[in-house]
Every structure is written in C-alpha cells, then in structure tokens.
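Q: Below you'll find the structure I mean.
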Amino acid sequence: MSVLDVIIARRSVRKFRKDPVPDAALARVLEAARLAPSGKNLQPWKFIVVRDPETRNKLAAASANQTFLASAPVVIAACGFPAEAYPRLGRYMNSWPVDVAIAMEHLVLQAAEEGLGTCWIGAFEEAGVKAVLGIPDEARVLALTPLGWPEESPAPRGRNPLATIVSYEKF
Ligand SMILES: Cc1cc2nc3c(=O)[nH]c(=O)nc-3n(C[C@H](O)[C@H](O)[C@H](O)COP(=O)(O)O)c2cc1C
C-alpha cells in the first residue's frame, strides 16, 4: 500500500483475535518506530513489548479499565526520556512527547500495513503503568497500544474538512 493508502485504512481497533502476532511482523513494526525522526536525532525513547497475559491485564486496569487493551496478544508501552531529548523545541518545550508520538505513529502505521490493529491509549494512569512495568523515574510514559489481528472493521471516524484546518500564506 502507499503511505496514504495505509493512513486511509488505519482505524483504532478495540476487538482482537487471539492469534499471536508473528515475530517478523512485530520486528517490522518496531523497526518503523526505530526509524522515526527526533529532535537532533536524540531518539529519546523506549518501547516495552508485553505479551504476558497477567501484565496485560494489569496495564488495562491502569488504563481506566479499558479491558480491550489486554484482549490483544501484545501490548506496547511507548516511553520517553525528557533528560535525553531536545530541551527547547520552539524555544519553549521539551521535544520528548513529540519525538515519542512520531515514533509511535510510525509503529501504528506499519502495523496497519501488516494488517495488524492498534489503538492509541492515552487514558492511562502513568504511576500505575510505571509500577507494573518497572519503568524508572527518569522515563515518562506517553502512550500504550494493543497490537493484534482485528476482529472488527470500524467505520471511518470523521475528520474536519481541509479548508477548516489549512490556511495559506497567513494564519
Ligand atoms: C492522544 C490519544 C489518546 C487516545 N486515547 C484513547 C483511549 O484511551 N482509549 C481509546 O479507546 N481510544 C483512544 N484514542 C483513540 C481515538 O479515540 C481515535 O484515534 C479517534 O476516535 C479517531 O478514530 P480512528 O483512530 O479510528 O480514526 C486516543 C487517540 C489519541 C491520538
């Protein structure tokens, strides 16, 4: 598929088959994250791949009890390291959330290319996720996603028209 075809086909998936994710597909998904751009190429990230069912259940509990998260055979937690990231993006912010979000979206799009489903999970309690996964103080958690074979084909969610989000030459 072209990049735009993958972008068009991707959906947030919240129902998964139990079939395992092949190692080769998982490796390509992670490779897509690894190749993401980042401020000054500092790559201030780490991705934790969780297959253990008990750990997945604990992550779902720490994510507002979104039990579908644990129903996928793999859960991935995307972490960032503020102290290792570019500190003055736009001269006002640390780049780590931007860097990790770009890498996460690379991961999500490669998953879609593989036919695998993901769902960006932002409704998690960071302290709970850190405790479950043994994430150190210096790392932050940006997002989680389930990864697995979709058992649903969600309809596209609407987006605002281009004319409302783009202007030319001036704001
Ligand atoms: C930052 C962020 C946080 C999100 N958090 C959640 C979440 O906690 N639970 C969930 O089910 N979906 C979550 N989503 C998925 C959105 O609901 C979804 O992307 C949006 O409704 C558009 O649907 P689509 O991804 O199928 O196009 C999140 C998405 C983003 C980008």
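Q: What size of dipole, in debye to the nearest 20, comes out for the range 98-171 about its Cα centre when the only charges are +1 on Lys and Arg C-beta atoms and -1 on Asp and Glu C-beta atoms?
A: That gives the range 98-171 a dipole magnitude of about 300 debye.
Q: Distance in nm between label sites at S12 and L35, each 7 Å beyond Cα in the beta-carbon direction?
A: It is 2.7 nm.
Q: Given a Förster distance of 35 Å, report the FRET efficiency between A163 and E54 from their Cβ-Cβ distance, rounded to the nearest 0.05.
A: My answer for the efficiency is 0.10.
Q: If you don't mind, another one. Stretch E126-M1 to full length: gain in nm at 0.36 nm per residue minus the Cα-Cα span?
A: 41.5 nm
Q: What do you reckon, how do E151, E169 stack up by accessible area (1.4 Å probe), largest on top?
A: Result, largest first: E169, E151.
Q: Running a GNM on the chain with Cα contacts under 10 Å, which residue among A60, A83, A33 ends up with the highest mean-square fluctuation?
A: Of A60, A83, A33, the most mobile in the Gaussian network model is A83.
Q: Students often forget the sequence filter, so: which aspartates and glutamates lie under 15 Å Cα-Cα from K40 once same-chain residues fewer than 8 apart are removed?
A: Partners found: E84, D99.
Q: Roughly how many Å² is the accessible area per residue of the range 1-101, as a whole number, for a 1.4 Å probe? It would help to have the intermediate numbers written out before the result.
A: Values: 5660 Å² over 101 residues.
Spelled out: the 1.4 Å probe surface of the range 1-101, per residue, equals 56 Å².
Q: Which of the lysines could a cross-linker bridge to K46, judged by Cα under 30 Å and excluding same-chain residues fewer than eight apart?
A: In chain and number order, the partners are K15, K18, K58, K130.
Q: Okay, moving on. At q = 0.16 Å⁻¹, work out log10 I(q)/I(0) for the chain with the Debye formula, treating every Cα as an identical point scatterer and leaving solvent out; two decimals please.
A: -0.99
Q: Which value, in debye to the nearest 20, gives the size of the charge dipole of the chain about its Cα centre, when Lys and Arg are +1 and Asp and Glu are -1 at the Cβ?
A: Computed about the Cα centre, the dipole is about 320 debye.
Q: Less than 15 Å from a label point 7 Å out along the Cα-to-Cβ axis of F171: which backbone N atoms in the range 84-119 qualify, by residue?
A: Within reach of a label on F171: no residues.
The values are calculated or read from the model by the stated rules, or taken from the named source; none is laboratory data. All figures in this text were calculated on a predicted structure; none of them were measured in a lab. Virtual Cβ from ideal backbone geometry, glycine too; neighbours counted across all protein chains shown. The protein model used for the area step is the full one, side chains on, heavy atoms only, and it has no ligands, DNA or RNA in it. Shrake-Rupley method; radii C 1.70, N 1.55, O 1.52, S 1.80 Å.
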